[in-house]
Each structure stands twice: as C-alpha cells, then as structure tokens.
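Please read the structure below before turning to the comments.
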Amino acid sequence: MKNIIFSIYNISVTALMETRKKRIVFIILIISILFLLMNLSCESVMIGANGEEIKDTSFGFSFVFMMVSFWNTILSLLITSAMISDELENKTYIMVLSKPIYRLSYFAGKFLGVFLLCALNTILIISIYTFLKKIKSGVWNFELYFAFANLIPSSMLLILFVGFFAVTLNRTISLMINFFLVVSSLMINFPIYEISEKTMNEILKDGGSKKMVLDIFYWIMPQFGTNFLDSMSKVSKSLAQTHNLGFYSILQLSVWFVLVWIMLYFLTKDKELG
C-alpha cells in the first residue's frame, strides 16, 4: 500500500511539473489576473425585481466564479487530453509502466497532477481577488472558497472523463464528448428547473414523451450542470437559483467517478495502452 501511494505521489508531482511547459497555463493565469483587476471597478450592479431596482453586490463574486470555472474547464480538457495523448503517441508511458507500478497508479498520478494544477490555479486567483476586496472594502469574504469546494466533484469527474476517453478513443473525440457533456448537462437544467407553464404545455402536447426524455437524460447523465449552478448559488442567489438537487448532483457525480475508475481498470488491465 505504501508503494502504491508513493508511486501515485511521484507520478502526480511529475505530471504537475510537466504542466509548466504548457503555455496555456500561464496565458490563462495572466488573463485571469487582468480580469480580476478590471472587475474591481464593477463591485455591484442594479437589477430589476418586481418593478424595483435593487443593488446586487454579489456581481463581482459571480463573475469571478464563472471566469475561474471556465478556465478550469479549459485546463481540464486541454491539459489532460494532451498529457495522456502525447504519452501514448510517444510511448513514454512504457518507461513508467516497465517498473513495478500498477496501471491504475499511473492514471491516478496523472489525474491527481492535473487536479492539483486546477486547485492551485483556483486558490491563487480567488485568494488574490479576496485580498484585493479586503483592501478595498475592509471585509473578508469566503463565499468563493465554499462555492469551489462544492464544485470539486465536477472538476474531478471531468478530468477523469477526459483521461478515460483519451485512452480508449483519442484526443479529439475525448474533447468533443466531454465538451458536449458539460454544455448539455448545463442546458438541460433550464427546462427541468425553470420551465414556464406555456412551455410545459407545449412539451406535454405529445403525451409527455419530450418531458420524459429530458428527465431520463437529466437523471442519468453526469450532473455537471446542477453541480455548477448549485455551487454558483453560494455566491449569487440572484443570478443562479438554489437547486434543491444540489446534494443529489454530488452523490451522482461521485457514483460516476467510481464507475469510470472501474471501467478504466478493466479496459486497461490486459490491453496495450498504445
């Protein structure tokens, strides 16, 4: 057991060091910091509610949350697919797996390396923003930390999904599948949660089959969308409603996480990775 943990640690550190060679990491960091500085001038916005204008002071936090979530999604997609695909194409993984190392330890190390990159990126950016807000307003605010902690299941599963499809299929298909999963799981939340009576009547004209299909997709497909909106509601209830199925999304993503590891184990157990 100690050897497995040591192997995963070494591979994850190596993977994290490899990400420093990716220019996109530094580009995203620089862009994020610039956006943070620009965002300090947009502390609040006026929103309409029941015919009245209300000052919403959470706009800045919502913007930072969406920005960091977007960049972390890009990092998870591009870095993971590139890292796995490059090693498969160049056969560099053979040097690692030629040692007494379990294949799942190899993938766990790669997964952990990318996850640490996203975590460090998140902590750095929101810490800078929180510190600048403290200087400007004199108040410490930790909503962003709670929101991203709630988003961890989505980040972990997305990285694992990208690696899984990069191994079993290829880089391009992996990017397309995971991008589709993220976008579709987010879009399907709106007819499920915020559907109007008129739209519901139109859907139910065909006997409810469209609604049934939506429900099936919603309950089965990975809950990236619900987890994202539930996490966003931690910083801005005016821009994202509180989802009563937020806890379910965490459980469902956790189940998917375990299932993918099981599939990855059996698919790579007696199969040449290349």
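The values are calculated or read from the model by the stated rules, or taken from the named source; none is laboratory data. These numbers come from a predicted model, not from an experiment. Every residue, glycine among them, receives a Cβ derived from its backbone with ideal geometry; neighbour counts consider all protein chains shown.
In the stretch 141-150, the condition of being surrounded by fewer than 13 Cβ atoms within 10 Å (Cβ to Cβ) and at pLDDT below 85 is met by no residue. Within the stretch 166-180, restricting attention to residues that are more than 16 Å from residue 73 (Cβ to Cβ) and among the hydroxyl-bearing types (Ser, Thr, Tyr), the residue that is modelled with the lowest pLDDT is 168. The test for being more than 21 Å from residue 66 (Cβ to Cβ) and modelled with pLDDT under 75 holds for residue 208. Report whether or not residue 121 is under 11 Å from residue 159 (Cβ atoms), at pLDDT 85 or above and under 22 Å from the mean Cα position of the chain (by Cα). Spelling it out, it is not the case that residue 121 is under 11 Å from residue 159 (Cβ atoms), at pLDDT 85 or above and under 22 Å from the mean Cα position of the chain (by Cα).
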